[in-house]
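Accompanying notes for the structure given below.
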Amino acid sequence: MVPITQTSNQPGASFVEISIPTTNSGSNAIAAGPNHTFWFTEFNISRIGEYTPFNMSYPFHEYQVPEENAVPATITFDNSTGKVWFTDQKNGAGSVWMFDRTRPLSTAFTQYNTSITGSVPVQVMVDGQGNVWFTELVGNKLGKLNYPSYSLTEYSLPTSNAGPAEIAFQTGPQGQLLVWVTETYADKVARLDTSTNTFKECVSPNGIHAPVGIVVDDNGTVWVSEHGGSFIVSLDTTTSSFTKYPTSLPSNYDISAPATLNLDNNGRLWFVEHFLNRVGRLDPASRTIDEFNIPTSASGTLLAYSLQSALDQNGDFYFTEFYPNKIGMLFSNATSPVTLETPRTRILGLVAGQTATLELPISNKLAAPLHVGLGVSSSFTRTGVTSSKQAFVNPAQISLGPHANGTTILSVTPGLLASSGLYSVSLSASDGNASSIGILFIKVSQSLAGIVITYLPVIAIISAIVVGGAYLYARRRPGQRSTPSPRANLQQPPGSPTRLVVLVAASLLLTRLATSLLPVAQIPVYVNAKCPGLPPPSPSFNGGVAGLDYGEILDIAAIAFFVLVLLLALRKWRNDCKADKNKL
């Protein structure tokens, strides 16, 4: 049976979708092999598949994994040996398999178990020496099968329950192999130096939420996808600085959830956005992202879903479609019919709370009228969802004639309490099938209000020390205590000063709690259910509003300490006043 091939011609972009012969196979991950051959995993039916697009008579071959209820997750092809490697997440246990198609089918599969039950391997890759590397999500280890014996070596991640997901290779300054790994539970990126067998962890001050995909470009820049957010993040290893590139946002979810990254020969990054059901392509040189709607979405869901994608030798992008049971392809020269220009080299400088307004040009590349919708996302929040107080565009809808140009106004206002740092704002223009996104970078300087909030614990503690010290000094200094007159006591205002202090303290606490909720993120609980083979949300994720962070707890504790000292001092002062009054 020859599968049906569907081609979707969007303006400027052509998708090809190929149905897999076996129904409900759960096509989950795909890797490129030689001679324009692709290997993919079939998550639901314990098989791996081979797809050869140019074999028109029968482009598919499927191979049953010789283990009951095997769950093939990710896959890779070793070009030096011609062997296929894939991870198996059976019952949460986990192993790594090798498939050698040169052998008889009865002996073609070889299984390699991890050292512990329940390790749940996610990604597998082969380095230049033939060693096979894989991540152990629950085992919290980076595994290595040493070529040629494939003996097992495992490296424990420095952070417990880090949730290692995907890996990337880099050649170090001394020629050593560096292995980068995303720690999806710990919101970190780690690097293993194989010359010393030591890890280094990198933490973004603004957070990298549930990182999954990772690649290293020719300049040594590490690129990471936030599967728990809506960003592609770059890490400059020379300065240890992180930069976020926001995608557009779906209408029914808080995040776009980009997954595995692929780097092409032009330095562009390709990825699938799980909750947008789009293919994204980021060009760092132009600070632009192009997004293309995948033609098919699964019944009852918003996403076709691909755990692992691949590029062929022509730069065309291949991906699996788990729910529709297809393999998809987008040509490398795909373009959006609308272009949006933002300053490519300019970085705006703003003080938190200050507003900047820019007029941005929009162009219709088609010989037909085009209706364009505009949207904004930013790194001001952890999900990318941006309120109109932070950034908005006017008009939000624009109609362009054939090959016509237009403009829109973007206004950006970093929150009054925003910390100093580099932020990014994305303005997307979409015709409903494809989007063009321009990214603007903003260097924010902290406002006076932000500085006060930042140093609130120090201010509160020092104030408490001053109040307490002043009172103790006044109490212990001889001859300085005066006896209040009965008239003075009668002039004291009615009511307890303690109540006033409590009200002031409560106001401070409520204000601080209110400001702490401004950048709150909504953490989706549906990531694992709709993304088979990927790590589930961190155990610390509660599926709703994120809890207070360390700084907020410290602020509240410092204010509480100050209020306590003040209350004790006022209580002592009142008792002294009563005692003096009784003496009279």
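The values are calculated or read from the model by the stated rules, or taken from the named source; none is laboratory data. Quick caveat, the model's predicted, so the values are computed rather than measured. Ideal geometry is used to build each Cβ from the backbone, glycine not excepted, and the neighbour counts take in all protein chains shown.
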### Query
Before we move on, is Ser430 in contact with a Gly (Cβ under 6 Å, 6 or more places away or on another chain) and either under 17 Å from Ser256 (Cα atoms) or among the hydrophobic types (A, V, I, L, M, F, W, C) (or both)?
yes
#### Entry: Residues (over 23 Å from the mean Cα position of the chain (by Cα), surrounded by fewer than 24 Cβ atoms within 10 Å (Cβ to Cβ) and either farther than 18 Å from Leu276 by Cβ or of a type in the set (Gly, Ala, Ser) (or both)) located in segment 302-328
Asp312, Gln313, Asn314, Gly315, Asp316, Asn325
### segment 209-233, subset surrounded by fewer than 19 Cβ atoms within 10 Å (Cβ to Cβ) and of a type in the set (S, T, N, Q), residue farthest from Ile167 (Cα to Cα)
Asn219
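Mind telling me which of the residues Ser240, Ser204 ends up being surrounded by fewer than 24 Cβ atoms within 10 Å (Cβ to Cβ), modelled with pLDDT under 95, at positive phi and touching a strand residue (DSSP E or B) at 6+ places or on another chain (Cβ under 9 Å)? So that I can check it myself, show each step before the final result.
Details: Ser204 fails: at positive phi.
Unique residue meeting the criteria: Ser240.
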### Task
Return the pairs, sorted by first residue and then second, in which the second residue is surrounded by fewer than 21 Cβ atoms within 10 Å (Cβ to Cβ) and in a strand (DSSP E or B), the first residue lies in segment 17-30 and is in contact (Cβ under 8 Å) with a residue 24 or more places away in the chain and among the hydrophobic types (A, V, I, L, M, F, W, C), the beta carbons are less than 7 Å apart, and the residues are 6+ apart or on different chains.
Ile18/Thr5; Ile20/Phe60
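Only one of Gly128, Gly92, Gly118 is surrounded by fewer than 16 Cβ atoms within 10 Å (Cβ to Cβ), under 31 Å from the mean Cα position of the chain (by Cα) and at negative phi. Can you tell me which?
Selected residue: Gly128, the only one of Gly128, Gly92, Gly118 that is surrounded by fewer than 16 Cβ atoms within 10 Å (Cβ to Cβ), under 31 Å from the mean Cα position of the chain (by Cα) and at negative phi.
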## Note on the structure
Checked segment 188-237 for anything free of Cβ contacts under 8 Å to residues at least 40 places away in the same chain, assigned to a loop (DSSP other than H, G, I, E, B), within 16 Å of the chain's Cα centre (by Cα) and over 21 Å from Ser256 (Cα atoms); matches are Val203
### Query
Hey, among the residues in segment 548-584 that are more than 14 Å from Ala460 (Cβ to Cβ), out of contact with any helix residue (DSSP H, G or I) (no Cβ under 9 Å at 6 or more places or on another chain) and not basic (Lys, Arg), which one's modelled with the lowest pLDDT?
Tyr550
### Task
Test each condition in (1) small (Gly, Ala, Ser); (2) in a loop (DSSP other than H, G, I, E, B); (3) without any contact (Cβ under 8 Å) to a residue 60 or more places away in the chain for Ser411 and report the one that comes out false.
(2)
